[in-house]
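**Student:** What follows is a single structure, and I will ask about it in a moment.
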Amino acid sequence: MRRPPCLCDLPLTQSRATAPLAALAVTVGLPCGAANGLLSSIGGTVVSVALAG
């Protein structure tokens with residue numbers, strides 16, 4: 001059985017690692033300024049979709 005992809009599988013030297021890493025940074029960073037988990041989740045998703053598209 002194959003395991004699902006995770007961040008440890010991303011080669012950091014390739015540009016396709018940019019979207020998930022930026023989304024992770026936004027998701028982790030947003031609660032520092034605004035203590036709202038929903039805002040953090042939505043912000044990370046928006047960044048990921050915008051950069052991946």
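**Student:** Starting from the stretch 11-29, take each residue that is under 13 Å from Ala52 (Cα atoms) and of a type in the set (Lys, Arg) and list its partners that are modelled with pLDDT of 75 or more and buried (at least 16 other Cβ atoms within 10 Å of the Cβ), counting only C-beta distances under 6 angstrom and pairs at least six apart or across chains.
**Tutor:** Within 6 Å, no pair qualifies.
**Student:** Now, a different point. Does the stretch 11-23 contain at least one residue that is part of a helix (DSSP H, G or I) and loosely packed, with under 10 Cβ neighbours inside 10 Å? Quick ask: steps written out before the conclusion?
**Tutor:** Of all residues in the stretch 11-23, those part of a helix (DSSP H, G or I) come to 15-23.
From what is left, the residues that are loosely packed, with under 10 Cβ neighbours inside 10 Å are 15.
Scanning the stretch 11-23, I find at least one residue that is part of a helix (DSSP H, G or I) and loosely packed, with under 10 Cβ neighbours inside 10 Å, so the answer is yes.
**Student:** Okay, moving on. If a residue has to be modelled with pLDDT under 80 and over 23 Å from Leu10 (Cβ atoms) to count, how many in the stretch 32-53 make the cut?
**Tutor:** 6
The values are calculated or read from the model by the stated rules, or taken from the named source; none is laboratory data. Please read all numbers here as calculations on a predicted model, not as lab measurements. Neighbour counts are summed over all protein chains in view; Cβ atoms, including those assigned to glycine, are modelled from backbone coordinates with ideal geometry.
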